[in-house]
Amino acid sequence: MNRLLIIGPPGAGKGTQAVKIAEKLSIPAISTGDIFRQNIKEETELGREAKSYIDAGNLVPDSVTNKMVRARLAEQDAQNGFLLDGYPRNPAQVHELDDILSESSQKIDRVLLLVADNDELVQRLLGRAAEQGRTDDTEDVIRHRLKVYEEETAPLLSIYRDRGLIKEVNGLGEIDEVTERILDALK
Ligand code: AMP
């Protein structure tokens with residue numbers, strides 16, 4: 001039960017919760033957004049390929065993202081489990097992930113869906129913009145990212161719902177309270 005996904009709209013608290021849950025379960029939290037941001041900071045080729053998409057709030061092309069995830073999941077620390085945060089982000093990536101895992105007879109055990117209403121999400125993201133200065137946390141880009149989530153990411157949920165893998169968790173409240181809810185959902 002330790003190959004996990006955490007999915008939810010921007011601002012739902014996926015990144016924060018992913019780190020805490022992964023630590024509890026002794027598995028790596030793998031955030032595609034963090035990997036992209038690190039590569040942009042280090043000015044790698046991957047960073048250069050991804051930057052314009054990220055700054056505009058659009059998805060980085062699947063060809064770039066899939067290759068990166070395949071390489072990350074092949075690393076030693078991910079062999080006994082992982083918590084993927086921010087991937088898959090569209091139905092095509094769901095199928096790519098299936099392919100990557102099936103090559104080593106693995107599969108996803110559980111999908112955590114973190115939910116919160118739109119007004120709360122925008123408020124949280126604007127707050128984070130003030131604190132962290134992420135280049136994609138301006139109000140226009142935030143609204144665009146929420147739209148991209150609805151149009152491109154939300155449709156993948158029905159795939160995992162049909163497989164009976166989704167556990168929905170309310171993302172509102174104190175950080176520790178939400179962590180407890182997630183741990184309960186994994187029991
Ligand atoms: P996040 O930190 O998960 O909010 O991701 C920040 C940005 O990185 C997103 O708005 C996308 O531009 C890009 N990104 C992260 N994960 C993916 C993915 N699985 N597919 C495409 N783009 C992604």
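Could you run through region 136-166 and say how many residues are surrounded by fewer than 16 Cβ atoms within 10 Å (Cβ to Cβ) and under 26 Å from Leu97 (Cβ atoms)?
Number satisfying all stated conditions: 10.
Looking only at region 17-28, count how many residues are under 11 Å from the mean Cα position of the chain (by Cα) and surrounded by fewer than 20 Cβ atoms within 10 Å (Cβ to Cβ).
Final tally of qualifying residues: 0.
How many residues does region 29-73 contain that are closer than 17 Å to His95 by Cα, more than 11 Å from the ligand (Cβ to nearest atom) and either at pLDDT below 95 or surrounded by fewer than 15 Cβ atoms within 10 Å (Cβ to Cβ) (or both)?
Residues meeting the conditions: 3.
Within region 74-92, track down each residue that is closer than 19 Å to Ala50 by Cα, of a type in the set (D, E, K, R) and either outside any strand (DSSP E or B) or open to solvent by 20 Å² or more (accessible area, probe 1.4 Å) (or both).
Matches in region 74-92: Arg89 only.
Test Ile100 against the criterion of being buried (at least 20 other Cβ atoms within 10 Å of the Cβ) and either assigned to a helix (DSSP H, G or I) or among the hydrophobic types (A, V, I, L, M, F, W, C) (or both), and give yes or no.
Spelling it out, it is not the case that Ile100 is buried (at least 20 other Cβ atoms within 10 Å of the Cβ) and either assigned to a helix (DSSP H, G or I) or among the hydrophobic types (A, V, I, L, M, F, W, C) (or both).
May I ask you to list pairs of residues, at least six apart or on different chains, whose Cβ atoms are under 6 Å apart, with the first in region 56-80 being free of Cβ contacts under 8 Å to residues at least 60 places away in the same chain and the second being near the ligand (Cβ under 8 Å from one of its atoms)?
Here the result reads Val60/Ala50; Val60/Tyr53; Val69/Tyr87, each pair linking region 56-80 to a residue that is near the ligand (Cβ under 8 Å from one of its atoms).
For His95, only one of the following conditions fails: (1) over 19 Å from Asn39 (Cα atoms); (2) open to solvent by 60 Å² or more (accessible area, probe 1.4 Å); (3) within 15 Å of the chain's Cα centre (by Cα). What is its number?
(3)
What number goes with the only condition from (1) of a type in the set (A, V, I, L, M); (2) more than 12 Å from the ligand (Cβ to nearest atom); (3) in contact with a helix residue (DSSP H, G or I) (Cβ under 9 Å, 6 or more places away or on another chain) that Ala22 does not pass?
(3)
Here's the yes/no breakdown for (1) in contact (Cβ under 8 Å) with a residue 60 or more places away in the chain; (2) not acidic (Asp, Glu):
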site: Leu114; (1), (2): yes, yes
site: Val122; (1), (2): yes, yes
site: Gln132; (1), (2): no, yes
site: Arg143; (1), (2): no, yes
site: Lys147; (1), (2): no, yes
site: Glu152; (1), (2): yes, no
site: Lys167; (1), (2): no, yes
site: Val178; (1), (2): yes, yes
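Only one of Gly13, Gly33 is within 13 Å of the chain's Cα centre (by Cα) and on the phi > 0 side of the Ramachandran plot. Can you tell me which?
Residue meeting the stated conditions: Gly13.
The values are calculated or read from the model by the stated rules, or taken from the named source; none is laboratory data. Since we're looking at a predicted model, the values are computed, not measured. Virtual Cβ from ideal backbone geometry, glycine too; neighbours counted across all protein chains shown. SASA here: full protein model, heavy atoms, side chains in, ligands and nucleic acids out. Shrake-Rupley method; radii C 1.70, N 1.55, O 1.52, S 1.80 Å.
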